[in-house]
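**Q** The structure follows.
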Amino acid sequence: MTKIQIDLDEEEDRIVEIYKLTNRLKTKQDAIKKMVKYFEAEIKPKNLKDREYFK
């Protein structure tokens, strides 16, 4: 498990709060967890030129 502390500005905080209320979630943390699942991440090393990282 990873814990991340983020500072939301007022507008971002409102967006998370609205998402929490419309999806009947208990905490903003739950709302952010659900919101993150809408994104896809790809991890690639950027400073390896001559070597293959995934062998």
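The values are calculated or read from the model by the stated rules, or taken from the named source; none is laboratory data. These numbers come from a predicted model, not from an experiment. For neighbour counting, all protein chains shown are included, and Cβ atoms are generated from backbone atoms with ideal geometry for every residue, glycine included.
**Q** How about the range 1-53: which of its residues are hydroxyl-bearing (S, T, Y) and part of a helix (DSSP H, G or I)? I'd like the intermediate steps shown before the answer.
**A** Of the range 1-53, the ones hydroxyl-bearing (S, T, Y) are 2, 19, 22, 27, 38, 53.
Selection gives Y19, T22.
**Q** Further, regarding this structure: Quick one: in the range 22-47, which of the residues that are exposed (fewer than 10 other Cβ atoms within 10 Å of the Cβ) and among the aliphatic types (A, V, I, L, M) is modelled with the highest pLDDT?
**A** Residue satisfying both the conditions and the ranking: A41.
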